[in-house]
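Notes for the one structure printed next.
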Amino acid sequence: MRPRGSINTTPLEPSVLNETFSLAYEELRRLAVQVRITDPRATINPTALVNEAWIKLAASPKFSWTSPLHFKRVAARAMRQLLVESARRRKALKRCAPLITLDESLASLLSTSASSSEEDFLRLDEALHSLAKLSERQSAIIESRFFGGLAVEETAQALGISEATVLRDWRAARAWLGRELRSPS
Amino acid sequence: MNPDQYERLQDLFHAVADLPLDARQAYLNEHNIGPETCQELESLLAEDAATNHVLDQDLLTATQGFVPRQLGPYRLQRLLGEGGMGVVYLGERDDLSSLAAIKILRDAWLSPARRSRFQFEQRTLAQLNHPSIAKLYDADTLEDGTPWFAMEYVEGLPLNEYSNNQNLSVERRIRLILEVALAVQHAHQHAVIHRDLKPSNILVTASGVVKLLDFGIAKQLDSTGDPTQTGLRLMTPAYAAPEQLRGEPVGVYTDVYSLGVILKELVGSELDADLQLLIETAIHADHAHRYASADALIRDLQHYLGGEPLDVRPPRFMYRASKFVRRNRTAVLASLVAAITLASLSTFYTLQLRRARNEALAEASRSSRIRGFLVNLFQGGDLAAGPSSDLRVVTLLDRGVAEATALANDPDTQTELYRTLGGAYQKLGRLDQADSLITKAVYGRRDVENLNMLALLRTDQAKHDEAEKLARESLVLARSLHPPGHLAIGRAATALGHVLEESGGYDKAVPVLEEAIHILSQPGQPASDLAAALLYLGNVRFYSGKFDESGRLNEQSLQIYRKLHGPSHPLVAEILINLGAIQQDTGNYRQAETYHRQALGIIEPYFGADHPKTASTLTLIGRALVLQKRLDEASGLLARALVIRERVYGLNHPQVASTVNELGTNALASGKLADAEEYFGRMIQIYEKSYSGKHYLIGIAKSNLASVYMRREQWSRAEPLFRQSLVMYAQTLPPDHINEGIGRIKLGRTLLRQKQYDSARTELEHGASIVAKQANPSVSWLDNAKKDLAELSTLKK
């Protein structure tokens with residue numbers, strides 16, 4: 001049996017998290033809109049966005065003590081929240097705004113995933129919340145890899161677990177999430 | 001379900017997931033798994049096998065579809081690897097049947113910075129020429145804008161694997177590291193830090209040649225590099241230096257650390273005391289105690305292999321470090337002096353005084369960075385020598401001053417250092433520090449060079465009389481010490497000429513600079529000195545309105561700079577811009593356009609299509625086109641400049657607003673009133689945001705928008721805008737400013753057309769009186785005012 005108890009996810013202390021999170025959030029948001037304005041047809045790749053956000057922010061003194069892995073880990077969460085909020089708003093609006101909006105720019109991101117509707121995406125988020133109650137580590141793995149684009153190796157380092165565990169957890173969590181999403185809510 | 005149940009279910013899942021179907025059933029039976037759990041497990045296994053899972057759309061793969069089979073002459077064979085920035089393919093050249101590694105930038109559209117980092121790697125490779133560094137073959141861009149480049153494909157094993165497979169002795173392993181260190185040193189000499197040295201980036205070919213790969217996160221130590229590239233990116237933590245992990249500035253010592261870790265891994269535990277000490281020094285957590293450069297590491301590796309004592313000694317290390325500059329002072333000075341020559345060159349290359357100043361500062365700070373880097377190579381220290389701020393350079397200089405002060409028993413070196421450092425401060429605009437050092441240098445030795453230096457400093461401080469006195473003293477001294485035609489006389493004359501030029505004594509400057517040019521034109525004299533004197537005289541001629549002569553002199557210096565730096569150097573572009581300015585001032589707008597376009601041909605590829613310099617050059621061409629009445633073409637170029645500035649400065653930056661203003665003015669002139677209205681509207685918005693609602697530029701923007709309404713004869717819309725802009729001027733400009741005068745005249749016309757004759761007269765008279773008071777009263781506005789006042793008088797009758 002695997003050891004139980006506290007899971008060694010890199011602790012995201014509230015105070016540090018808040019600042020890093022909000023800066024990451026704002027930067028990702030800004031980047032998404034900017035990309036959209038530069039090229040309306042561009043598909044937005046979250047991995048690239050997160051990398052880009054780090055490159056922008058790392059130069060700031062506020063981030064001089066932040067490791068890129070830690071940042072990516074936080075940015076993954078910011079990305080998730082950004083997408084969820086956008087999906088919520090678009091679900092509420094369901095009509096095109098006259099100007100290019102953040103939500104439109106994020107729409108391309110959502111539409112490249114299999115779930116093209118906001119509904120599906122919100123359910124994924126919900127399912128991840130449920131998963132976190134069963135296994136915080138698995139939820140962190142999915143969040144890091146799917147939203148932050150962390151590689152297996154990076155995920156392992158960020159969460160302080162082995163690469164084998166990342167792969168094993170990913171597989172199990174993927175199966176569990178798939179079932180949650182397919183079952184009628 | 002609770003976490004425990006979930007975990008049990010998972011264990012079961014992993015236990016059976018990879019079993020064949022019948023074995024699964026057997027396992028479940030054997031372990032007495034209940035039907036409910038079985039059902040749950042079944043659904044998980046079904047999902048495990050599903051192919052359309054939402055998480056599988058890992059978006060990264062989705063974007064890889066674009067890669068074509070053929071890139072230029074290369075046919076792609078297979079994927080070699082991928083990183084944060086790009087993917088690498090193995091490519092084969094059909095015509096030569098040779099192999100190359102093709103690197104393609106993914107998501108090039110994401111930002112200009114991304115593209116420039118990619119191009120930076122490409123430029124780095126192009127610039128480095130070392131048998132142990134993979135060579136650049138080819139580079140191009142796909143139709144959709146995706147850049148790629150081809151480089152030497154290296155077939156080999158990672159350093160550690162190779163060493164183990166070949167069962168190499170410790171000595172052979174150290175020799176391999178020495179090879180790597182030499183390649184790293186080559187990169188350092190070109191001001192490139194690798195930042196991601198690790199065994200997998202170092203391959204050894206079958207013939208035993210070491211090859212250093214992947215400069216993807218390397219860093220260039222000059223300002224053309226990406227200023228955001230500070231700290232670490234995607235490097236590999238195991239080999240990263242502590243300062244890198246902390247995100248602190250990096251330097252050459254950062255690569256030294258990685259080399260140390262690789263060496264430690266490679267030689268294992270068979271260490272004698274010396275090797276132990278060597279490795280400890282290389283991987284010291286505090287880089288002040290580390291080998292300060294690849295060079296220092298190389299020397300000790302060679303000492304070790306040769307059985308000689310190491311340079312490094314634990315207790316005396318700090319002492320040695322401080323002695324180092326002294327022992328190598330010629331080398332240190334040579335590097336400092338070389339950089340200073342480079343810096344002083346740059347003061348010459350432009351015509352307008354203010355521009356000359358700013359450009360020289362920019363260029364000088366760049367050169368200082370290079371010098372900072374060189375000094376770093378020799379003495380280490382805690383400077384990144386990075387491209388982020390002049391502050392670092394200043395810190396470096398401060399350190400230099402401390403060092404110089406300590407050299408009291410070596411007055412010659414001390415004096416030289418004072419002058420050199422003083423010159424550097426001067427170029428950075430830190431005139432106080434420069435003053436104290438250069439004065440000390442002159443006090444130490446009142447020679448021609450020091451006097452020239454102090455004279456130029458006094459000019460910078462606008463102490464023109466003193467400057468002239470010093471420069472004349474220097475020239476007299478040079479004549480008394482040297483035979484006629486000596487370089488020192490030429491230099492002193494050049495300095496005096498420049499001093500006189502800056503103080504506006506153009507007539508006096510001409511014979512002095514002509515003498516300098518005469519001396520410096522003799523065979524054997526440094527061409528760069530001649531080019532400088534020619535440019536100074538070119539400036540003098542330009543300011544005194546002798547444009548032909550100025551053009552000729554600029555042409556001459558252009559030829560020299562082309563010979564010295566090649567046809568595509570930014571200095572060459574600056575002179576082309578001078579030549580363009582001459583043509584513009586003499587009304588040859590088409591010629592001006594040609595020169596500025598030539599300058600663009602250098603600046604755009606050198607700095608990149610997204611660089612502010614490219615934007616300013618586009619603007620110069622645009623202005624030349626406006627004066628040729630080719631307004632549409634001009635707008636095209638200005639729009640390009642606008643896009644660049646928007647990217648560089650953001651959408652709401654004053655720099656952007658000034659381009660928007662030019663576009664608006666153009667649109668107004670060509671009668672595209674809707675466009676003009678939009679541009680000026682945006683200009684107002686930007687200025688209001690940038691200056692929190694209070695700045696005279698907001699007034700100008702409103703007044704410009706009002707002019708559009710005037711043109712449409714929408715007088716009632718124009719009037720309030722003019723009034724608002726006048727209020728703004730009143731709050732932000734001194735009384736009776738020309739802007740206020742023009743604003744009142746415009747407002748007067750608006751009131752006149754609305755038949756408010758009395759207030760119209762008041763504004764027109766007030767405005768005209770303000771304009772008439774200016775040093776250079778704008779005739780056209782006065783005429784306008786007079787015309788309207790005349791109309792008023794006839795109406796009154």
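Looking at B:SER635, B:SER670, B:SER658 in this structure, which one is closer than 15 Å to B:ILE698 by Cα and either touching a strand residue (DSSP E or B) at 6+ places or on another chain (Cβ under 8 Å) or polar (S, T, N, Q) (or both)?
Numbers: B:SER635 fails: closer than 15 Å to B:ILE698 by Cα; B:SER670 fails: closer than 15 Å to B:ILE698 by Cα.
Checking each option against the conditions leaves just B:SER658.
For the stretch B:494-512, which positions are under 17 Å from B:VAL448 (Cα atoms) and without any contact (Cβ under 8 Å) to a residue 40 or more places away in the chain?
Here is the first cut: in the stretch B:494-512, the ones under 17 Å from B:VAL448 (Cα atoms) are B:494-499, B:512.
Scanning the stretch B:494-512 gives a single hit, B:VAL512.
Within the stretch A:154-171, if we keep just the residues that are farther than 29 Å from A:ARG29 by Cβ and either crowded, with 24+ Cβ neighbours inside 10 Å or among the polar types (S, T, N, Q) (or both), the residue that is farthest from the other protein chains (Cβ to nearest Cβ) turns out to be A:SER162.
For B:GLN185, the stated conditions hold: it is away from chain A (no Cβ under 14 Å), assigned to a helix (DSSP H, G or I) and in contact with a helix residue (DSSP H, G or I) (Cβ under 7 Å, 6 or more places away or on another chain). Quick check: is even one residue across the stretch B:516-538 loosely packed, with under 15 Cβ neighbours inside 10 Å and assigned to a helix (DSSP H, G or I)? Within the stretch B:516-538, one or more residues are loosely packed, with under 15 Cβ neighbours inside 10 Å and assigned to a helix (DSSP H, G or I). Residues of the stretch A:59-94 that are crowded, with 21+ Cβ neighbours inside 10 Å, at pLDDT below 70 and part of a helix (DSSP H, G or I): A:PHE63, A:SER86, A:ALA87, A:ARG90. For the stretch B:140-179, enumerate the residues that are part of a strand (DSSP E or B) and touching a residue at least 40 places away in the same chain (Cβ under 8 Å). Hits for the stretch B:140-179 are B:ASP140, B:PRO147, B:TRP148, B:PHE149, B:ALA150, B:MET151, B:GLU152, B:GLY156, B:LEU157, B:PRO158.
Scanning the stretch A:128-153 for residues that are at the interface with another protein chain (Cβ under 9 Å from one of its Cβ atoms), assigned to a loop (DSSP other than H, G, I, E, B) and buried (at least 22 other Cβ atoms within 10 Å of the Cβ) yields a total of 1.
Scanning the stretch B:449-487 for residues that are farther than 19 Å from B:PRO526 by Cα, assigned to a loop (DSSP other than H, G, I, E, B) and either basic (Lys, Arg) or in contact (Cβ under 8 Å) with a residue 12 or more places away in the chain (or both) returns B:GLN461, B:LYS463. The set of residues in the stretch B:724-750 being assigned to a helix (DSSP H, G or I), farther than 12 Å from B:LEU789 by Cβ and hydrophobic (A, V, I, L, M, F, W, C) consists of B:LEU726, B:VAL727, B:MET728, B:ALA730, B:ILE738, B:ILE742, B:LEU747.
Of all the numbered requirements in (1) in contact with a Ser or Thr (Cβ under 9 Å, 6 or more places away or on another chain); (2) surrounded by 17 or more Cβ atoms within 10 Å (Cβ to Cβ), B:ASP548 misses one, and that requirement is (2).
The residue of the stretch B:631-673 that is modelled with the lowest pLDDT, among those that are outside any helix (DSSP H, G or I) and small (Gly, Ala, Ser), is B:GLY650. Scanning the stretch B:221-269 for residues that are closer than 26 Å to B:TYR162 by Cβ, at pLDDT 55 or above and not in a helix (DSSP H, G or I) turns up B:THR236, B:ALA240, B:ALA241, B:GLY268, B:SER269.
Restricting the stretch B:1-27 to residues that are farther than 24 Å from A:SER135 by Cα and surrounded by 11 or more Cβ atoms within 10 Å (Cβ to Cβ), the residue that is farthest from the other protein chains (Cβ to nearest Cβ) is B:ALA26.
Mind counting the residues in the stretch B:539-578 that are of a type in the set (D, E, K, R), more than 25 Å from B:PRO605 (Cα to Cα) and assigned to a helix (DSSP H, G or I)? Before the answer, list the steps.
Restricting attention to the stretch B:539-578, the residues satisfying the condition of being of a type in the set (D, E, K, R) are B:541, B:546, B:548-549, B:552, B:555, B:562-563, B:574.
With more than 25 Å from B:PRO605 (Cα to Cα) added as a condition, the list becomes B:541, B:546, B:548-549, B:552.
Now drop any that are not assigned to a helix (DSSP H, G or I), which leaves B:541, B:548-549, B:552.
Total meeting the criteria: 4.
Scanning the stretch B:29-38 turns up no residue that is within 16 Å of A:LEU167 (Cα to Cα) and either within 14 Å of chain A (Cβ to nearest Cβ) or surrounded by 12 or more Cβ atoms within 10 Å (Cβ to Cβ) (or both).
The values are calculated or read from the model by the stated rules, or taken from the named source; none is laboratory data. The structure presented is a predicted model; accordingly, all values stated were derived computationally and were not measured. FYI the Cβ positions are ideal-geometry reconstructions off the backbone, even for glycines, and counts take in every protein chain you see.
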